[in-house]
Amino acid sequence: MRDGPIVPTAEIDATLLALAAARGPDKTLDPAEVARALVGDDPNAWGRLMGAVRRAAVRLMKAGRVTILRKGRPVDPDDFRGVYRIRVVGPAPPHPAES
């Protein structure tokens, strides 16, 4: 049985990165938004793509391109469960001036 609609890995990666970058490093992205952007709003189509989106997020986190968050905290990409969000890796926020 297939995981879902056939969407090339490179297209999933590019869509995930583009959507996360559009949000910026201060906001997160729901992985379902990536799936919907690729195959539309039909839950039967985007739902089947969620496994591939998750694998893309893991691959991109290991490459240092995104961070996967659960309950607002970064996770181990090889060991996380449940609901997660994705954030693009951006420049570090400036340090507050010391008094």
* Structure fact -> Apart from one, (1) out of contact with any Ser or Thr (no Cβ under 8 Å at 6 or more places or on another chain); (2) free of Cβ contacts under 8 Å to residues at least 40 places away in the same chain all hold for L38; the odd one out is (1)
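Which is touching a Gly at 6+ places or on another chain (Cβ under 7 Å) and of a type in the set (K, R), of R70, R23?
Numbers: R23 fails: touching a Gly at 6+ places or on another chain (Cβ under 7 Å).
On inspection, the qualifying residue turns out to be R70.
Residues that are at pLDDT 95 or above, among the basic types (K, R) and surrounded by fewer than 16 Cβ atoms within 10 Å (Cβ to Cβ): find the helices (runs of 4 or more DSSP H) completely inside the chain holding 2 or more of those.
Working: elements: 9-23, 31-39, 43-62.
Here the list reads 43-62.
The values are calculated or read from the model by the stated rules, or taken from the named source; none is laboratory data. What you are looking at is a predicted structure, and each value in this text was computed from that prediction instead of being measured. FYI the Cβ positions are ideal-geometry reconstructions off the backbone, even for glycines, and counts take in every protein chain you see.
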